[in-house]
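Chemist: I'd like to ask you about the structure that follows.
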Amino acid sequence: MPSVTELREIYEEMVTARRYEKRLQEEYLEGKQPAFDISAGPIPGELHLAAGHEASAAGVCQHLRDADTVTAPHRPHHIAISKGVDLNRMTAEIFGRRTGLSKGKGGHMHLFDPDVNFACSGIIAQGCPPAVGAAMAAKKRNTDEVAVAFLGEGAIDQGGFFESLNLASVRNLPVVFVVEDNDWAISMPKERVTDVSNGAQRAEGHDMHGVRVDRDDAVAVYEAAAEAVGRARDGNGPTILEVQVHRRMGHFMGDAEGYRPDEDVEAAEMRDSVERLAADLRKHGVDDDELTAIRDRASARVEEAIEFAKEQPEPDPEEAYEDVFTNPPAGATGGED
Ligand SMILES: Cc1ncc(C[n+]2csc(CCOP(=O)(O)OP(=O)(O)O)c2C)c(N)n1
């Protein structure tokens, strides 16, 4: 069971992530309407929000240190916040600014912060092999560092996931695969793609541990993650930890969600893990004034990051081909064939 201090920290991270995304949503919509123009406004491109997923990241990352590695998928903000990614530089990246984490060239699905060993990618399940690599490196260096790969339930039939499970298992690596099960992969409901409703069962085929937290509850996640991360840190191998979460919004901003029954959206809204944790904190004697103070602190941090991002310079067009692969390579004068 987390201490009350830890519960407060988890709550603050979850509130920060929820507030952050609310503000991103507002900024994102600027200039994009009435006809949805994805290239317009201060945040061009796609935006995948994670409202309803916060409990999984906050509960897991409470057990992690800066030196531990985390990889995240295309819905990364809550995970980045819980891992301690620099919020100002992350926001500058999302706004496409030169001082962003990837110099404004990656956008919201390509956030890299080597200071806290965080990376994400828009290619689903792509974070699994690098997490296994980081775990292998940690083991070879004789550290007790661990790696955690976050992915969605829609990504767990990808080949890279199975290859990662196999290598993690056969080498007994310190890695945890955290599957955020929100029941949807864009417009595809989970029951249409798999008969295995408990994704953690895939661990059995690889002779490793698997556990599913079937409620969107930061405390339950914290407890399951304590075991999974502890097992990895103690040299006892990998785990699949699947967590039931709820996608409170569309797959991406601008998704009209015509495929999704109203009851499903309403159910997601009813099961709010942030409110659930606030209720837990009240039971532990944390009063409303303190909860308000936590929320105010989170809001102030978010506003500071948004303001910071807006003040940052745009990248110089001449830098477009720096730090990226080019074909032919920049400066090449041509070859034989
Ligand atoms: C290899 C690959 N195939 C297809 C896509 C397109 N795609 C983007 S998100 C997504 C669904 C992801 O669902 P899930 O993993 O459950 O995550 P969620 O979006 O629900 O958080 C797909 C198929 C992709 N990004 N990468």
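The values are calculated or read from the model by the stated rules, or taken from the named source; none is laboratory data. Being a predicted model, the structure only gives us computed values, none of them experimental. Glycine also receives a Cβ, built like all others from the backbone with ideal geometry; neighbour counts cover every protein chain displayed.
Chemist: Could we say that residue 41 is under 19 Å from residue 307 (Cα atoms), outside any helix (DSSP H, G or I) and touching a helix residue (DSSP H, G or I) at 6+ places or on another chain (Cβ under 7 Å) here?
Modeler: Judged against the criteria, residue 41 is a match.
Chemist: I would also like to ask the following. Report, by residue number, each residue of the range 235-259 that is within 23 Å of residue 163 (Cα to Cα) and out of contact with any strand residue (DSSP E or B) (no Cβ under 6 Å at 6 or more places or on another chain).
Modeler: Selection gives 235, 236, 237.
Chemist: Given 181, 157, which one is surrounded by fewer than 24 Cβ atoms within 10 Å (Cβ to Cβ), within 13 Å of the ligand (Cβ to nearest atom) and of a type in the set (D, E, K, R)?
Modeler: Sole residue among the options that is surrounded by fewer than 24 Cβ atoms within 10 Å (Cβ to Cβ), within 13 Å of the ligand (Cβ to nearest atom) and of a type in the set (D, E, K, R): 157.
Chemist: Tally up the residues in the range 114-133 that are at negative phi, within 15 Å of the ligand (Cβ to nearest atom) and in contact with a Gly (Cβ under 8 Å, 6 or more places away or on another chain), please.
Modeler: Final tally of qualifying residues: 6.
Chemist: What number of residues within the range 114-148 satisfy the criterion of being crowded, with 17+ Cβ neighbours inside 10 Å, in contact with a Lys or Arg (Cβ under 7 Å, 6 or more places away or on another chain) and part of a loop (DSSP other than H, G, I, E, B)?
Modeler: 1
Chemist: Have a look at 264, 272 and point out the one that is within 23 Å of the chain's Cα centre (by Cα) and surrounded by fewer than 17 Cβ atoms within 10 Å (Cβ to Cβ).
Modeler: Being within 23 Å of the chain's Cα centre (by Cα) and surrounded by fewer than 17 Cβ atoms within 10 Å (Cβ to Cβ) holds for just one of 264, 272, which is 264.
Chemist: In the list 38, 10, which residue meets the criterion of being of a type outside the set (Asp, Glu) and farther than 30 Å from residue 137 by Cβ?
Modeler: 38
Chemist: Moving on to the next point. When you go through 151, 111, 173, 165 one by one, which is the residue that is crowded, with 18+ Cβ neighbours inside 10 Å and within 9 Å of the ligand (Cβ to nearest atom)?
Modeler: 151
Chemist: So, in the range 225-240, of the ones that are touching a Ser or Thr at 6+ places or on another chain (Cβ under 8 Å) and assigned to a loop (DSSP other than H, G, I, E, B), which residue ends up nearest to the ligand (Cβ to nearest atom)?
Modeler: 238
Chemist: Just to check your reading of the model, which residue among 296, 264 is assigned to a helix (DSSP H, G or I) and over 20 Å from residue 23 (Cα atoms)?
Modeler: Matching residue, one of 296, 264: 264.
Chemist: Any residue that is assigned to a helix (DSSP H, G or I), at pLDDT 95 or above and within 28 Å of residue 26 (Cβ to Cβ) - is there at least one of those in the range 311-330?
Modeler: yes
Chemist: How about the range 241-253: which of its residues are within 14 Å of the ligand (Cβ to nearest atom) and of a type outside the set (D, E, K, R)?
Modeler: Passing the criteria: 243, 244, 245, 246, 249, 250, 251, 252, 253.
Rundown of residues vs (1) among the aromatic types (Phe, Trp, Tyr); (2) touching a residue at least 60 places away in the same chain (Cβ under 8 Å); (3) under 27 Å from residue 241 (Cβ atoms); (4) more than 16 Å from the ligand (Cβ to nearest atom), yes/no style:
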site	(1), (2), (3), (4)
45	no, yes, no, no
53	no, yes, yes, no
66	no, no, yes, yes
74	no, no, yes, no
84	no, no, yes, yes
88	no, yes, no, yes
